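Working notes, beginning with the structure itself.
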Amino acid sequence: MRVFANPVGAGQLWFDNLATNDGTPVAYDPQARAFVVMPPFCANRERIGCNWIAPEQGAFCRSCAMTALAPDPGIPNAIPNWAQTEVAKRWVLDNLGRWHWFRPEDPGTRPVFHLLAEGPTPVPMGHAEGVVTVSVAEMDPVLVTARRQALEEPYRTMIGHMRHEIAHMLWWRLSLRDDFLDAFRAMFGDERADYQTALQNHYENGPPADWRTRFLTTYASSHPHEDWAETAAHLLHLTDIVDSFVAAGLSSPELPGQNWDPYSEPNPYRLIHVAATLTIGVNHINRSMGLSDLYPFVHSKAALEKLAFVHDWLRRGAQGL
């Protein structure tokens, strides 16, 4: 994610800012990828702190307009959790916009979001025919820690959920292309295998013994659909880590150049190598504060090939769909 110029003075703005240091209200224009001071602002600005511009007064911004179902405000913490969920959604949509997904120049279908609060039972997250369902309760740090430990996951965040579930939607979009499915099945396997049976087997028996040589995560081993979604999410993780590193003004001998744009890099192996090398260093910094590794994953040869496959399709896939 970039660091942005202040439109009314000195200093910088971060992606979720609503105002400058001197209190001037600002909003983010995702088309221009810049902050502006002129309304109209999103209709959700006061309710949940959305900081994007709207097409007209009283309208929702591009991101909020994709939310068809918002959480029940009667459920405790639903609104603050929803607000933070929308921040994560805007972040991921802006990342994908760097490859032209879901922007005005993309003629294809946009995702529809059902962002739901949890009552007595958990909300099953997932994707079906363009609809992405996410539990806003996953913003609760206690709940997230409990679920991460129960599922033996090394990483669980709302941005991670958004990248994973939107990746399912991207697969659905790409599957409309005549040239995608055969290539996908050759790389990931046949997604027509029964999904529910595969998940049941995964949860009852765990991953295959050799999963580390073939997949990025244990969950990726459960079914080709989940392998794609996990791999696509990791590609977005790695690309955005490097982009944020460069935007923050940090340097490394691994970077191809001072103003290198990871989203414009055509060579996936170069991009992944730089990202993986940087995460090793940042993991070491995290450990100095007693924190978990930023990126606690290892890339096998098979995982690298899958990451490169996803990179190729996400960089070119939005146009004409």
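The values are calculated or read from the model by the stated rules, or taken from the named source; none is laboratory data. Owing to the predicted nature of the structure, the values given are computational and were not obtained by experimental measurement. So basically every Cβ, Gly included, is an ideal-geometry build from the backbone, and we count neighbours across all protein chains shown. Just so you know, the surface numbers come from the protein's heavy atoms only, side chains and all, with ligands and any DNA or RNA stripped out. Shrake-Rupley method; radii C 1.70, N 1.55, O 1.52, S 1.80 Å.
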Here the residues within region 303-321 that are surrounded by 15 or more Cβ atoms within 10 Å (Cβ to Cβ) and more than 19 Å from Asn267 (Cβ to Cβ) are Ala318, Leu321
In region 114-172, anything modelled with pLDDT of 90 or more and β-branched (Val, Ile, Thr) is listed as Val123, Val131, Val132, Thr133, Val134, Val136, Val142, Val144, Thr145, Thr157, Ile159, Ile166
The residue from Thr218, Thr277 that alone is farther than 30 Å from Thr197 by Cβ, surrounded by fewer than 22 Cβ atoms within 10 Å (Cβ to Cβ) and in contact (Cβ under 8 Å) with a residue 24 or more places away in the chain is Thr277
Going through region 285-294 in order, the residues found to be in contact (Cβ under 8 Å) with a residue 60 or more places away in the chain and either in contact with an Asp or Glu (Cβ under 7 Å, 6 or more places away or on another chain) or open to solvent by less than 70 Å² (accessible area, probe 1.4 Å) (or both) are Asp293
Residue hits (region 175-198; under 30 Å from Ala137 (Cα atoms) and in contact with a helix residue (DSSP H, G or I) (Cβ under 6 Å, 6 or more places away or on another chain)) are Glu191, Ala198
Pairs returned, first residue in region 73-86 that is closer than 16 Å to Arg45 by Cβ and of a type in the set (Gly, Ala, Ser), second residue that is open to solvent by less than 40 Å² (accessible area, probe 1.4 Å) and not in a helix (DSSP H, G or I), beta-carbon separation under 7 angstrom, 6 or more apart or interchain, are Ala83/Gly49
Inside region 262-274, the number of residues satisfying the requirement of being assigned to a loop (DSSP other than H, G, I, E, B) and surrounded by 14 or more Cβ atoms within 10 Å (Cβ to Cβ) is 1
- Based on what the data block shows, is Ser300 hydroxyl-bearing (Ser, Thr, Tyr), touching a residue at least 12 places away in the same chain (Cβ under 8 Å) and either within 22 Å of Asp94 (Cα to Cα) or touching a Ser or Thr at 6+ places or on another chain (Cβ under 6 Å) (or both)? yes
Among residues of region 106-134 being under 21 Å from Leu174 (Cα atoms), among the aliphatic types (A, V, I, L, M) and open to solvent by less than 50 Å² (accessible area, probe 1.4 Å), the residue farthest from the chain's Cα centre (by Cα) is Val131
The strands (runs of 3 or more DSSP E) lying entirely within region 1-104 that contain at least 1 residues which are under 30 Å from Leu143 (Cα atoms) and either open to solvent by 10 Å² or more (accessible area, probe 1.4 Å) or aromatic (Phe, Trp, Tyr) (or both) are 67-69
